[in-house]
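Notes for the one structure printed next.
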4 protein chains.
Amino acid sequence: MKDTQNQRDYRNITIDKVGIKNLRYPITVLDRRNGCQNTVATINMYVDLPHECKGTHMSRFVEILNLLCPEVSLKKISDALEQMKKHLNAASSHIEVTFPYFIEKKAPVSRSPGLMDYTCKLTGSSGPDGKIDFVSEVIVPVSSVCPCSKEISEAGAHNQRGEVRLSIRFKKFIWIEDMIKLVEKSGSSEVYSVLKRVDEKYITEYGFNNPKFVEDIVRDIAIKLKEDDNVTWFSVSAENFESIHNHSAYAHIASG
Amino acid sequence: MKDTQNQRDYRNITIDKVGIKNLRYPITVLDRRNGCQNTVATINMYVDLPHECKGTHMSRFVEILNLLCPEVSLKKISDALEQMKKHLNAASSHIEVTFPYFIEKKAPVSRSPGLMDYTCKLTGSSGPDGKIDFVSEVIVPVSSVCPCSKEISEAGAHNQRGEVRLSIRFKKFIWIEDMIKLVEKSGSSEVYSVLKRVDEKYITEYGFNNPKFVEDIVRDIAIKLKEDDNVTWFSVSAENFESIHNHSAYAHIASG
Amino acid sequence: MKDTQNQRDYRNITIDKVGIKNLRYPITVLDRRNGCQNTVATINMYVDLPHECKGTHMSRFVEILNLLCPEVSLKKISDALEQMKKHLNAASSHIEVTFPYFIEKKAPVSRSPGLMDYTCKLTGSSGPDGKIDFVSEVIVPVSSVCPCSKEISEAGAHNQRGEVRLSIRFKKFIWIEDMIKLVEKSGSSEVYSVLKRVDEKYITEYGFNNPKFVEDIVRDIAIKLKEDDNVTWFSVSAENFESIHNHSAYAHIASG
Amino acid sequence: MKDTQNQRDYRNITIDKVGIKNLRYPITVLDRRNGCQNTVATINMYVDLPHECKGTHMSRFVEILNLLCPEVSLKKISDALEQMKKHLNAASSHIEVTFPYFIEKKAPVSRSPGLMDYTCKLTGSSGPDGKIDFVSEVIVPVSSVCPCSKEISEAGAHNQRGEVRLSIRFKKFIWIEDMIKLVEKSGSSEVYSVLKRVDEKYITEYGFNNPKFVEDIVRDIAIKLKEDDNVTWFSVSAENFESIHNHSAYAHIASG
């Protein structure tokens, strides 16, 4: 049976990334408290394609994924990146794994337990030298109270849910839980899944006493990341779904 | 050239709706203030298919749409519904037109002008008797301040953007503007695109003095609709993107 | 601490549904082959609210969910629906659980294994009489080859991925796997995650010999459902992401 | 009234981008055939914020947008970028405008007219030196027939809709229409909104005789862009919504 993909290509154009995109897959990821956690990922896998090759072999990506999964860890991603280069005759390979992640969080006063959901993304790339570049990303909901609205109003202050997206490169392994905690401490107040009335009172007052612009949120996160020797690069953005507008307020800082 | 769609079907199964879905199209709609407004719609068009017909003729839907557009009005939709029944040999026809709609709104104190965006949907169906059933829907952003949070907290109250979805059937034509206004008056405060500091102060205080649960929002809208002789049916839901949770609070009322 | 929600309401308007929406939660569901399967759900939970009550108690929904989960089954949903009515003083309750579901599927010739992903939704409602109404829904990707294009063209035929949405009510428990299989047998050919060249040849030829309009897909599913005594109601729609258009072809049939 | 945003900030952290995001706005854009075209945009506007400023002034972004719109052109974007720097005391400014764009396209044989919809994005950035960097992007649907499937199968070949995303930087103005045309010529066949049977036959056969992998599509576009002196940078990706899988095939090339 003829292998069209294996034919020689004469256009003399290297392809940077070719592969599969938006494949859903059940995975398990490391969970600091419980050892591991089951979740469902959306996965992209790409390699480069030399100028002389007509096409890549799409089925091999999924076969390598079948070997990688269900456990997804930096080690497993590293292995898969090498397998991709080897079995697809590529010089570079890329994996992106996006998934919801859950952490049990107790309400601040009643201690009622609830599961908070976050969105996480692990990205790994391996180049010709075999060095692997990892980026960890978390998307964390926070509550923000507007400092201006509080300052100028006789009572109350507009507030809203916002979403903070934090990506980092690091020297040694960093827990998703720590990235999330860093973000949650930087909003006006945290977000919970279960809140009894005593908790709602606490959170309302806590947030009101801790007003933050999107500018404040990204700066407070950036300060901590700049002080952290383990972080070699970061990008942080905050988007507030403004309660007084039908658009978002947005701020973004990237390191160096 | 053989017409596969025109073949006889022997499965003896009538199809309720068949046609085209998610077609983007530039349209103009009636605008109370400016006469008409340009926008971009996503359009669905369906007819029924008798049990003896193998398939409908998809290209005719778009041809009828080309005749209908760009002006979309209840009259134009009625005409298109009849054209669909005629040219597709159908007993019933359905059109759904969803589009963003813009209204200039001045900030409450500074009177700074800005354009607010809403999402609207017009649905028309024509049955075998030729009677046309219209439903008008608007999706309107509002701001809501939590009555419980205000009551129990020493200062502040959590608030957030919410989305109210109102659908109505009516006896005589009703302006989108009036449906939107009805909804906007029923939140804790309205949402604007431009707010200067004097406006932000006004809105913060206004909302704080007017706390509303999702339950309150749908009830206050339902009261007004029940009193309106022109409204023969309604469905109203409110979804608050809670600033203290990562999920929504939701309430829904449908008439009779 | 004052309980605002518990106050008496004088507007005399009953709310049909009030509760929480779009809460993400890790669950396990029954898996015919493996006993159970881990996945992540998006959950809505509502109750009615009598006209004399100002508000419901949102935190109780999540607390009941915490008791229900992680295992989600018809039995567990029934229990939760009763708990909701009891703890929220409601006459009716509703739960909607939407989640990706995975089934290992071997390629048709090479027998290469791969995981196919589907989207499923379980809906349960309990009324004043305590009778529970369940609806099971699956969204299944299929491949469809256009009969008209095949008939009129000298070679080839346009084809595309489509999505079939099947909802049913049933007398006795029905496996998600059986609903999915019924749908997959009704497209031009099935969709797989891993296909080697021998499989791609098989599927291409199989689909080409089995052309189907969206009309054919929903009719072939409807025929089988009408013959099944266990199915008391169904709704089936097929949406083809047409490869020759930038819109979809769509067909829908609902029983009685 | 106190101006919280104007306070001095002591964290010593410059913010790269701060502003408004996801604001819907009706605009008009240049249309080669008709002079101008009405559409609806989603707009982001950002400036940098010096380390000593606590916050930016969000309302000024919308006020500048009100002056810019409705006509959006490279000239108008340039003006707005300068206004943003001036009125927000910023060293750099950014505008992103995303909108559907429509072109009348006649069916290839019957010449039946129809409107095709594309998604376009204009991005402009102005730095401290006042030089403006523009990027034009189009997202264009195409049809692709799989060369491997055609080669190995006795009849037929799987095909599907795909989406090509092309971004370019250029020396002198380039029409959206030309970018779209370049992409449409690089798929297996073009996509239309109205196709009569004679057209469907033509397109099916044309595509079948012109099979393309995602790799072929991005390479054929890259070749033409490399030959075009007016193009100073490009990025092109193709994503095929595979009709035999539930995931996409993807390829990407960026220049230099």
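The values are calculated or read from the model by the stated rules, or taken from the named source; none is laboratory data. Keep in mind the model is a prediction, meaning the values are calculated, not measured. Every residue, glycine among them, receives a Cβ derived from its backbone with ideal geometry; neighbour counts consider all protein chains shown.
One table, with the values for the structure above:
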read-out: Any hit, the stretch B:66-78, residues being farther than 30 Å from B:Lys196 by Cα, among the basic types (Lys, Arg), out of contact with any strand residue (DSSP E or B) (no Cβ under 7 Å at 6 or more places or on another chain) and more than 9 Å from chain D (Cβ to nearest Cβ); value: yes
read-out: Residues (aliphatic (A, V, I, L, M) and either touching a Leu at 6+ places or on another chain (Cβ under 9 Å) or surrounded by fewer than 19 Cβ atoms within 10 Å (Cβ to Cβ) (or both)) located in the stretch B:61-77; value: B:Val62, B:Ile64, B:Leu65, B:Leu67, B:Val72, B:Leu74, B:Ile77
read-out: Residues (surrounded by fewer than 20 Cβ atoms within 10 Å (Cβ to Cβ) and among the hydroxyl-bearing types (Ser, Thr, Tyr)) located in the stretch A:177-218; value: A:Tyr202, A:Tyr206
read-out: Verdict on A:Asp133 being part of a loop (DSSP other than H, G, I, E, B), free of Cβ contacts under 8 Å to residues at least 60 places away in the same chain and not hydroxyl-bearing (Ser, Thr, Tyr); value: no
read-out: Selection count, the stretch D:205-227, where residues are in contact with an Asp or Glu (Cβ under 9 Å, 6 or more places away or on another chain), without any contact (Cβ under 8 Å) to a residue 60 or more places away in the chain and closer than 14 Å to D:Cys146 by Cβ; value: 1
read-out: Selection count where residues are assigned to a strand (DSSP E or B), of a type in the set (D, E, K, R) and under 20 Å from A:Leu115 (Cβ atoms), scope the stretch A:8-53; value: 1
read-out: Selection count, the stretch B:206-253, where residues are at the interface with another protein chain (Cβ under 7 Å from one of its Cβ atoms) and farther than 27 Å from A:Asp199 by Cβ; value: 3
read-out: Residue identified as at pLDDT 95 or above, within 12 Å of another protein chain (Cβ to nearest Cβ), closer than 25 Å to C:Thr14 by Cα and under 19 Å from the mean Cα position of the chain (by Cα) among B:Glu163, B:Glu137, B:Glu151; value: B:Glu163
read-out: Residue match in the stretch C:236-246 (condition: over 26 Å from D:Pro141 (Cβ atoms) and surrounded by fewer than 20 Cβ atoms within 10 Å (Cβ to Cβ)); value: no
read-out: Number of the condition not met by B:Val40 [criteria: (1) within 14 Å of chain D (Cβ to nearest Cβ); (2) surrounded by fewer than 15 Cβ atoms within 10 Å (Cβ to Cβ)]; value: (2)
read-out: Subset of the stretch C:107-122 (residues that are under 15 Å from D:His245 (Cβ atoms) and in a strand (DSSP E or B)); value: C:Pro113, C:Gly114, C:Leu115, C:Met116, C:Asp117, C:Tyr118
read-out: All positions within the stretch B:18-30 that are in contact (Cβ under 8 Å) with a residue 40 or more places away in the chain and within 11 Å of chain D (Cβ to nearest Cβ); value: B:Ile20, B:Leu23, B:Tyr25, B:Pro26, B:Ile27, B:Thr28
read-out: Number of the exception - A:Ser193 against (1) more than 8 Å from chain B (Cβ to nearest Cβ); (2) touching a residue at least 24 places away in the same chain (Cβ under 8 Å); (3) not β-branched (Val, Ile, Thr); value: (1)
read-out: Filter pass, C:Ile15 being within 11 Å of chain A (Cβ to nearest Cβ), among the hydrophobic types (A, V, I, L, M, F, W, C) and crowded, with 19+ Cβ neighbours inside 10 Å; value: no
read-out: Count of residues meeting criterion [away from chain C (no Cβ under 11 Å) and surrounded by fewer than 22 Cβ atoms within 10 Å (Cβ to Cβ)] in the stretch A:49-60; value: 5
read-out: Test result for C:Cys120, within 25 Å of A:Tyr118 (Cβ to Cβ), modelled with pLDDT under 95 and crowded, with 17+ Cβ neighbours inside 10 Å; value: no
read-out: Given (1) modelled with pLDDT of 95 or more; (2) part of a helix (DSSP H, G or I); (3) of a type in the set (A, V, I, L, M, F, W, C), number of the condition D:Leu67 does not satisfy; value: (1)
